[in-house]
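All remarks here apply to the structure that follows.
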Amino acid sequence: MSESGRNGLTYSDAGVDIDAGNLLVEKIKPMVRSTRRPGADGEIGGFGGLFDLKAAGFKDPVLVAANDGVGTKLKIAIDAGRHETVGIDLVAMCVNDLVVQGAEPLFFLDYFATGKLDPEQGALIVGGIAEGCRQAGCALIGGETAEMPGMYSGGDYDLAGFAVGAAERGELLPKGTIAEGDVILALASSGVHSNGYSLVRRIVALSGLAWDAPAPFGEGTLAERLLVPTRIYVRPLLAAIRETGAVKALAHITGGGFPENIPRVLPKHLAAEIDLDAVAVPPVFSWLAKAGGVAPTEMLRTFNCGVGMIAVVAPESAAEVVEVLTREGETVFELGRMVARAEGAAGTVYRGTLAL
């Protein structure tokens, strides 16, 4: 080898370790296999992932796609060194957006970008993604790992997810039968989920608490409580949709809270009347409101405040839908009902008081 060949720069010298990437792929292959389902039984490592809609049992499907990330909740995971569950959040934020349209999530792809690839850390993250896919019943059929020194500093990383689902033609939600008097059912959240974390982190900074300090609102450390993963509602909601045929609309309560998300699935002549007294507000939200001096209206438009999903059903069908959702492990309660909406009026109106 020439002197210039021995001394020439390599990709590794520039900060990208191809061997670390290959090692990560080998570590995650068993996790990926664990997410197989009808329609997807291939291995990762090719140039693209395959899915067979016919093998999945669909006859005349409409495809539904969604993508999302985890946001600045990742900074808590990075600062606290806890990476096991953010992958669940990544899947949840995508597949919950699919099921609200009546679609069954079929497959998922992830994008993991970091400044310096750590195969052990990467395996923990992908392990969470695989767990989220198992909970949602979708296959992890591929993804991309990008090592980008200079773009991300220290141990920073970012995640993005892409999910595709399907519904038979004519079975998509929301239905055009939503009417005045229909009942709004709420499905309880598991906590803050994956929205509002820039405000969460600002409040924690003002409180002076460290991530490993005992949480002021529950057992465990502050980081553990704030990293509780987003609840995945796919299986219970699909069961309710298919068994009852009574679900008219669903809304995933993410960033924007009640006032931004619920009106997205309603006709313009109807509003959601929300009974705030019915909401059992989890302690984490009470602490955030008090520690940050956050007004109730700001809480309602930033956080889920204990309601991760809502369903709209006819009054005579409410008990049947509640029974199915409860059987599937959800905590369900009546949140309100559909009322007439004047032209130009808000899509949500409130009665009662949020118990912060």
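Please indicate, with yes or no, whether at least one residue in the range 244-255 is in a loop (DSSP other than H, G, I, E, B), in contact with a Cys (Cβ under 9 Å, 6 or more places away or on another chain) and either open to solvent by 10 Å² or more (accessible area, probe 1.4 Å) or not aromatic (Phe, Trp, Tyr) (or both).
There is at least one residue in the range 244-255 that is in a loop (DSSP other than H, G, I, E, B), in contact with a Cys (Cβ under 9 Å, 6 or more places away or on another chain) and either open to solvent by 10 Å² or more (accessible area, probe 1.4 Å) or not aromatic (Phe, Trp, Tyr) (or both).
Can you tell me which residues in the range 262-288 are in a helix (DSSP H, G or I) and open to solvent by 10 Å² or more (accessible area, probe 1.4 Å)? Break it down into steps so the answer makes sense when it comes.
Pass one, the range 262-288, residues in a helix (DSSP H, G or I): 262-265, 276-278, 283-288.
Matches in the range 262-288: Pro263, Arg264, Val265, Leu276, Asp277, Ala278, Pro283, Val284, Ser286, Trp287.
How many residues does the range 80-126 hold that are outside any strand (DSSP E or B) and over 19 Å from Ala223 (Cα atoms)? Can you show your working first?
At the first step, the residues of the range 80-126 found to be outside any strand (DSSP E or B) are 80-103, 115-126.
Add one more test, that the residue is over 19 Å from Ala223 (Cα atoms), and what stays is 91-103, 115-120, 122-123, 126.
Here the count works out to 22.
Checking the structure you have, find out if any residue of the range 67-75 is out of contact with any Ser or Thr (no Cβ under 7 Å at 6 or more places or on another chain), within 30 Å of Arg169 (Cα to Cα) and either open to solvent by 30 Å² or more (accessible area, probe 1.4 Å) or part of a helix (DSSP H, G or I) (or both).
Looking for residues that are out of contact with any Ser or Thr (no Cβ under 7 Å at 6 or more places or on another chain), within 30 Å of Arg169 (Cα to Cα) and either open to solvent by 30 Å² or more (accessible area, probe 1.4 Å) or part of a helix (DSSP H, G or I) (or both), one finds at least one in the range 67-75, hence yes.
Tell me, please, whether a residue that is of a type in the set (A, V, I, L, M, F, W, C) and either assigned to a helix (DSSP H, G or I) or open to solvent by less than 70 Å² (accessible area, probe 1.4 Å) (or both) can be found in the range 2-10.
Quick first cut of the range 2-10, residues of a type in the set (A, V, I, L, M, F, W, C) only: 9.
Add one more test, that the residue is either assigned to a helix (DSSP H, G or I) or open to solvent by less than 70 Å² (accessible area, probe 1.4 Å) (or both), and what stays is none.
Checking the range 2-10: not a single residue is of a type in the set (A, V, I, L, M, F, W, C) and either assigned to a helix (DSSP H, G or I) or open to solvent by less than 70 Å² (accessible area, probe 1.4 Å) (or both).
Being open to solvent by 10 Å² or more (accessible area, probe 1.4 Å), within 30 Å of Ala215 (Cβ to Cβ) and in a helix (DSSP H, G or I), is that true of even one residue in the range 327-349?
Taking every residue of the range 327-349 in turn, none turns out to be open to solvent by 10 Å² or more (accessible area, probe 1.4 Å), within 30 Å of Ala215 (Cβ to Cβ) and in a helix (DSSP H, G or I).
Among the candidates Ala215, Ala295, Ala188, single out the residue that is open to solvent by 40 Å² or more (accessible area, probe 1.4 Å) and modelled with pLDDT of 95 or more. Quick ask: steps written out before the conclusion?
Details: Ala215 fails: open to solvent by 40 Å² or more (accessible area, probe 1.4 Å); Ala188 fails: open to solvent by 40 Å² or more (accessible area, probe 1.4 Å).
After applying the criteria, what remains is Ala295.
Out of Gly49, Gly39, Gly57, Gly81, which single residue is surrounded by fewer than 18 Cβ atoms within 10 Å (Cβ to Cβ), of a type outside the set (A, V, I, L, M, F, W, C) and more than 30 Å from Gly196 (Cα to Cα)? Walk me through how you get there before you give the answer.
Values: Gly49 fails: surrounded by fewer than 18 Cβ atoms within 10 Å (Cβ to Cβ); Gly39 fails: surrounded by fewer than 18 Cβ atoms within 10 Å (Cβ to Cβ); Gly81 fails: more than 30 Å from Gly196 (Cα to Cα).
Just a single option satisfies the conditions, and that option is Gly57.
The values are calculated or read from the model by the stated rules, or taken from the named source; none is laboratory data. The model shown is predicted, which means the values in this text are computed figures rather than measured ones. Backbone-built Cβ (ideal geometry, glycine too); neighbour counts: all protein chains shown. These accessible areas exclude ligands, DNA and RNA; they are computed on the full protein's heavy atoms, side chains included. Shrake-Rupley method; radii C 1.70, N 1.55, O 1.52, S 1.80 Å.
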